[in-house]
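Worksheet: the structure to be examined is printed underneath.
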Amino acid sequence: MRKICVGLFGQMMDQIVIYCDNYSCINLSKNPTFHDRSKHIDIWYHHLRDCVQSLIMLLQYIPTEEQDNEILTKALSRGKFEFHRCRIGVVDNPFLVEKEC
């Protein structure tokens, strides 16, 4: 998508920030040397490391509890659901509330 936008508009874009709750993934993307423990990682995933090194993407740590994708993937308590719903900009629709008879 980034290449399409740059091709269409001809402007350089800011870094894409990817929020991740895995410190090992972030450290592996910053360290270009291969380790015995990282040999099993598929070539496809090394693309992320290349993008981080060329400053196209930035991996930033975020605690698991603050990841807004939880609202789409997990059953949450009412408090957590409302917290994440507010953060992604979804609000209650007063026209869809059931009316009392």
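The values are calculated or read from the model by the stated rules, or taken from the named source; none is laboratory data. Everything numeric here is computed off the predicted structure, so don't read it as measured data. Virtual Cβ from ideal backbone geometry, glycine too; neighbours counted across all protein chains shown. With ligands, DNA and RNA removed, areas are computed over all heavy atoms of the protein, side chains included. Shrake-Rupley method; radii C 1.70, N 1.55, O 1.52, S 1.80 Å.
Scan the range 52-71 for residues that are surrounded by fewer than 16 Cβ atoms within 10 Å (Cβ to Cβ), of a type outside the set (S, T, N, Q) and over 13 Å from the mean Cα position of the chain (by Cα) and the total you get is 3. Looking at the range 3-17, can you tell me whether even one residue there is at pLDDT 80 or above, part of a helix (DSSP H, G or I) and among the polar types (S, T, N, Q)? Looking through the range 3-17, none of the residues is at pLDDT 80 or above, part of a helix (DSSP H, G or I) and among the polar types (S, T, N, Q). Among the residues examined, G89 qualifies as open to solvent by less than 70 Å² (accessible area, probe 1.4 Å), modelled with pLDDT of 85 or more and assigned to a loop (DSSP other than H, G, I, E, B).
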